[in-house]
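A short worksheet on the structure shown next.
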Amino acid sequence: MKRNRFIGAFAVEKNIDKLNACWERDKTLLPDSSFLRLFYEGSQIKFDTIDNITVLFHGEVFKYLDVIPGSINESVIESIIWLYKKSGDGFAKNIDGHFAIIIYDRSIEKLLVIQDKYTFYEKIFWIRKNNIFYFGNCIKTLSKCSEIDPNEISSTALYQFLRYTYTIPPHTIFKNICQMTIGEMIVIKNEKISKSTYDNWSFSDKRIKDKNEAVTLYKEILTKSIHRLYENHPSSVFLLSGGLDSSLNVAIASQIARKPIISIGIGADDKFNTDAPYARMVSKLFNTDHHEYHFDGHEINDLPQIVYSMGVPYFEPGVMLSYSAYMEAAKYSDYAIGGEAADQIFGYCTPQAYRRYSIKEKTYGLYKPFYNLTKNVCRSKYFGGNYIARKIEGRLIDIYDVNSLCSAFGFRNGEIRELLKEDLYFQDKYDDSDVPDKDISQLLDFCCTRLDIDYAFYGILSVYSHLSELHNITCHSAYTDREVINFALSLDHNLRIQMINSQDIQFVTKYLHREMAKEILPPEIINRPKQGGAVRNSIHVIDDNFVNRIKIKLLNSEIINRYFRTDVIKKLFVLPQMNPTKILLLIDLDLWHHLFVSGPSEQIPSYTLTEYIT
């Protein structure tokens with residue numbers, strides 16, 4: 001694995017002695033007199049200093065939204081400096097791409113740390129300690145450099161991991177380390193640190209309501225995005241699951257392909273009911289050079305390497321499938337194009353939001369007072385540990401809580417309270433009582449620009465970049481293109497997901513997406529049932545001996561015994577086929593603790609999961 005990483009430290013109060021005391025002097029790219037220490041490694045990172053302005057850039061620029069002088073537009077660093085000089089701190093709004101940018105303007109001793117709005121490359125982490133501002137894209141290196149106590153774990157992040165399988169910024173599993181949000185900029189100047197969102201997510205004031213107009217525009221915009229990716233990387237392979245999104249990628253790219261496109265699919269034994277037949281159908285239709293990886297569950301043995309690459313606990317249900325697809329794709333290219341985030345861009349949690357709104361209407365506006373009363377009583381110190389109270393909360397409000405509408409793939413709230421030894425401080429992603437829901441459009445706007453976007457970028461894209469990097473391959477999605485996302489945010493909600501039965505709250509998901517696809521794909525692909533991951537995680541817990549060893553490992557785990565009730569964990573193994581994701585979440589957490597806390601190492605682990613649990 002060739003990791004592209006960067007790490008830096010900035011003296012907020014201009015104390016060079018403190019800076020030198022916390023930094024290895026041979027690992028910096030700037031003069032000792034500078035208030036910034038910076039180090040990077042990896043071929044994809046660009047670095048230079050021009051006119052007393054230092055820039056570190058990791059990512060890819062698709063285009064600039066401002067006219068860059070022809071003499072410099074071939075240089076990313078020069079273009080960024082030109083935009084910065086012209087537009088000031090908010091210059092990143094004029095860059096379409098996926099990136100992390102560090103700017104140090106030495107003339108005024110100002111540092112800018114910028115996380116792009118459409119992140120596919122990195123998460124940027126940071127911590128302020130002893131008036132030194134540490135930042136970087138590798139949480140392991142950052143924790144070591146800043147000398148934090150790795151045993152101090154954030155209870156909020158632990159809850160979010162158990163509930164959603166990932167954590168939401170600013171929280172990280174380390175109590176004192178933060179992660180930046182998408183579209184966020186941190187500015188340090190005059191011994192002050194300020195944070196702001198340089199480019200907000202919001203719906204267009206004028207919504208497109210005409211279906212024919214929308215189909216024409218969408219076809220043009222998506223085609224442009226796919227063609228651009230393919231033309232910029234003509235040796236790309238296409239990840240072809242057989243679903244609507246990846247099939248559209250292949251169909252549209254084939255319009256300009258000069259030779260058969262290489263496509264990568266995932267197959268498994270017939271009993272797992274995979275999407276492989278649909279992928280083969282699309283491959284035959286568009287004459288791709290199709291390669292199918294046979295997924296049999298042994299891939300979970302690579303979990304130590306995956307956890308090390310992630311740097312944080314993470315086990316989204318489709319993680320092993322994506323890992324295997326990238327592994328297969330790397331045999332044929334160093335660049336892959338997938339269909340990630342299309343579900344979220346078109347309103348993944350809209351059906352659940354309608355159910356949430358309908359209960360509000362049925363209770364004549366009394367839902368919020370009822371929600372707050374139920375939550376406060378059931379989570380109070382008098383009833384919080386009571387089994388019946390947990391059941392009441394789950395039945396009455398959990399399914400309507402905005403935090404349950406999208407990507408809650410882990411344990412339910414009641415299960416988490418039963419699982420943990422102590423009632424840790426629980427902080428949901430959002431305060432349900434503050435969710436805007438005066439009308440259904442307001443609620444759907446919130447869900448699309450917050451819930452769906454959070455899951456797409458924090459739960460899928462920014463972590464999947466680490467999976468592809470394990471195999472030295474770069475992956476992109478046409479659906480994270482700025483124009484595609486902005487177009488989706490200009491659509492009337494009925495074009496995103498169309499209600500077909502208000503009585504039973506039934507929808508056609510990705511409605512416009514499907515309508516446009518009718519011009520390109522066969523009905524079998526457009527109308528096939530959604531499988532969401534195809535091969536279930538139960539494939540990893542078939543071997544009784546393997547599962548029993550995981551159980552023993554967890555029962556003897558340092559972090560598990562510190563936070564969890566082992567009697568409750570034992571119950572998960574009574575029917576492991578019913579709890580595969582929950583079991584794998586816990587062994588993922590144990591592995592993370594072993595790699596980053598109890599036995600920290602700078603080397604990627606060479607052992608398998610089987611060897612680790614033996």
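See the values below:
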| item | result |
| --- | --- |
| Evaluation of Asp210 against (1) without any contact (Cβ under 8 Å) to a residue 60 or more places away in the chain; (2) of a type outside the set (Lys, Arg); (3) in contact with an Asp or Glu (Cβ under 7 Å, 6 or more places away or on another chain) (one fails), failing number | (3) |
| Single residue of Thr363, Thr350 found to be open to solvent by 40 Å² or more (accessible area, probe 1.4 Å) and more than 14 Å from the chain's Cα centre (by Cα) | Thr363 |
| Odd one out for Gln115, checked against (1) buried (at least 20 other Cβ atoms within 10 Å of the Cβ); (2) touching a Phe, Trp or Tyr at 6+ places or on another chain (Cβ under 7 Å); (3) of a type in the set (S, T, N, Q) | (2) |
| Answer from Lys140, Lys189, Lys211 - the residue that is in contact with a Pro (Cβ under 8 Å, 6 or more places away or on another chain) and not hydrophobic (A, V, I, L, M, F, W, C) | Lys140 |
| Of the criteria (1) open to solvent by 10 Å² or more (accessible area, probe 1.4 Å); (2) modelled with pLDDT under 95, which one Thr288 fails | (2) |
| Checklist (1) modelled with pLDDT under 75; (2) outside any helix (DSSP H, G or I); (3) open to solvent by 30 Å² or more (accessible area, probe 1.4 Å) applied to Asn472, failing item | (1) |
| Strands (runs of 3 or more DSSP E) wholly inside the range 202-309 that include at least 3 residues being of a type outside the set (A, V, I, L, M, F, W, C) | 262-267, 289-294 |
| Residues (surrounded by 11 or more Cβ atoms within 10 Å (Cβ to Cβ) and either in a loop (DSSP other than H, G, I, E, B) or modelled with pLDDT under 80 (or both)) located in the range 501-522 | Ile505, Gln506, Phe507, Thr509, Lys510, Lys518, Ile520, Leu521, Pro522 |
| Strands (runs of 3 or more DSSP E) within the range 34-82 that include 2 or more residues open to solvent by less than 70 Å² (accessible area, probe 1.4 Å) and touching a residue at least 60 places away in the same chain (Cβ under 8 Å) | 36-41, 53-64 |
| Residue match in the range 321-339 (condition: modelled with pLDDT of 75 or more and more than 30 Å from Asp289 (Cβ to Cβ)) | no |
| Test: residue in the range 358-379 that is modelled with pLDDT under 70, under 30 Å from Asp567 (Cβ atoms) and part of a loop (DSSP other than H, G, I, E, B) | yes |
| Candidates Ile182, Ile177, Ile127, Ile102 - the one that is crowded, with 19+ Cβ neighbours inside 10 Å, touching a Leu at 6+ places or on another chain (Cβ under 6 Å) and among the β-branched types (Val, Ile, Thr) | Ile102 |
| Test result for Lys85, open to solvent by 20 Å² or more (accessible area, probe 1.4 Å) and out of contact with any strand residue (DSSP E or B) (no Cβ under 7 Å at 6 or more places or on another chain) | yes |
| The range 116-136 residues that are at negative phi, paired with ones that are among the small types (Gly, Ala, Ser) and modelled with pLDDT of 90 or more (beta carbon under 6 Å, 6 or more apart) | Lys117/Gly183; Glu122/Ala100; Ile124/Ala100; Ile132/Ala9; Tyr134/Ala9; Phe135/Gly8 |
| Enumeration of residues in the range 523-540 that are part of a loop (DSSP other than H, G, I, E, B), over 24 Å from the mean Cα position of the chain (by Cα) and modelled with pLDDT of 75 or more | Asn527, Arg528 |
| Cβ pairs under 6 Å, 6+ apart, first in the range 291-313 and aromatic (Phe, Trp, Tyr), second in a helix (DSSP H, G or I) | Tyr293/Ser324; Tyr293/Glu328; Phe295/Ser324; Tyr308/Leu595 |
| Members of the range 574-614 that are free of Cβ contacts under 8 Å to residues at least 40 places away in the same chain, part of a loop (DSSP other than H, G, I, E, B) and either basic (Lys, Arg) or closer than 19 Å to His298 by Cα (or both) | Asn579, Ser606 |
| Residue match in the range 193-212 (condition: buried (at least 21 other Cβ atoms within 10 Å of the Cβ), at pLDDT 90 or above and over 18 Å from the mean Cα position of the chain (by Cα)) | no |
| Residues being within 13 Å of Cys22 (Cα to Cα) and either of a type in the set (Val, Ile, Thr) or in contact with a strand residue (DSSP E or B) (Cβ under 9 Å, 6 or more places away or on another chain) (or both) - total across the range 108-134 | 5 |
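Condition check ((1) in contact with a strand residue (DSSP E or B) (Cβ under 8 Å, 6 or more places away or on another chain); (2) open to solvent by less than 10 Å² (accessible area, probe 1.4 Å)) across all residues:
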site: Tyr230; (1), (2): yes, no
site: Pro234; (1), (2): no, no
site: Phe238; (1), (2): yes, yes
site: Gly242; (1), (2): yes, yes
site: Leu248; (1), (2): no, yes
site: Ile252; (1), (2): no, yes
site: Lys259; (1), (2): no, no
site: Ile262; (1), (2): yes, no
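This table checks each residue for (1) over 20 Å from Val463 (Cα atoms); (2) aromatic (Phe, Trp, Tyr).
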{"position": "Cys145", "(1), (2)": "yes, no"}
{"position": "Ile148", "(1), (2)": "yes, no"}
{"position": "Thr167", "(1), (2)": "no, no"}
{"position": "Pro170", "(1), (2)": "no, no"}
{"position": "Lys189", "(1), (2)": "yes, no"}
{"position": "Asn212", "(1), (2)": "yes, no"}
{"position": "Tyr218", "(1), (2)": "yes, yes"}
{"position": "Ile221", "(1), (2)": "yes, no"}
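The values are calculated or read from the model by the stated rules, or taken from the named source; none is laboratory data. Since the model is a prediction, treat every value here as computed from it, not as a measurement. Note that each Cβ is placed from the backbone with ideal geometry, even for glycine, and that neighbours are counted across all protein chains shown. Note: accessible area is taken over every heavy atom of the protein model, side chains too, but ligands, DNA and RNA are not part of it. Shrake-Rupley method; radii C 1.70, N 1.55, O 1.52, S 1.80 Å.
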